[in-house]
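Worksheet for the structure shown next.
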Amino acid sequence: ILESVGEWNNFGVISSNTGISNIINWPDHEKQWRGNNLEIQSRVKNVDIIYKTTNLNEARQLLDLYGISFIFIGQNESIKYNPVSLKKFNLMATTIFSETYNGQEIKIMKLNNE
């Protein structure tokens, strides 16, 4: 699952509660175990690229690289990323869950097969 990257409490919630792998989360925790590994930095950067880009092909290539099937858009993603760049997911995925909590929309999307 694609989730925005951050540290501890509010990040990686879907992955840590479902067991569905994400690309990376809690990078400082990962560095404690693996050292300042280039793979950690690359994954953090690629998650940002996927969320920030408006280029569908660029996003799709990175999603495919990591075998991502689901995209999560919640409070962290809505705060961290531009709504314009998040709209691309409507063209490449189908919303399978959508709820509003405290005025904040939360969506889980399933990537469409090409």
With +1 at each Lys and Arg Cβ and -1 at each Asp and Glu Cβ, the charge dipole magnitude of the chain around its Cα centre, to the nearest 20 debye, comes out at 160
With residue 108 itself left out, Lys, Arg at +1 and Asp, Glu at -1 over residues whose Cβ is under 12 Å from its Cβ give -2
For residue 2, the residues 5 or more places away or on another chain with a placed amide H closer than 5 Å to its own amide H are 70, 71, 72
With residue 98 itself left out, Lys, Arg at +1 and Asp, Glu at -1 over residues whose Cβ is under 15 Å from its Cβ give 0
Taking the range 8-111, the lysine pairs whose C-alpha atoms sit under 18 Å apart (8 or more places apart or on different chains) add up to 12
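Here, each number is a calculation from the coordinates, and none is a lab measurement. These figures come from a predicted structure and were not determined experimentally. Note that each Cβ is placed from the backbone with ideal geometry, even for glycine, and that neighbours are counted across all protein chains shown.
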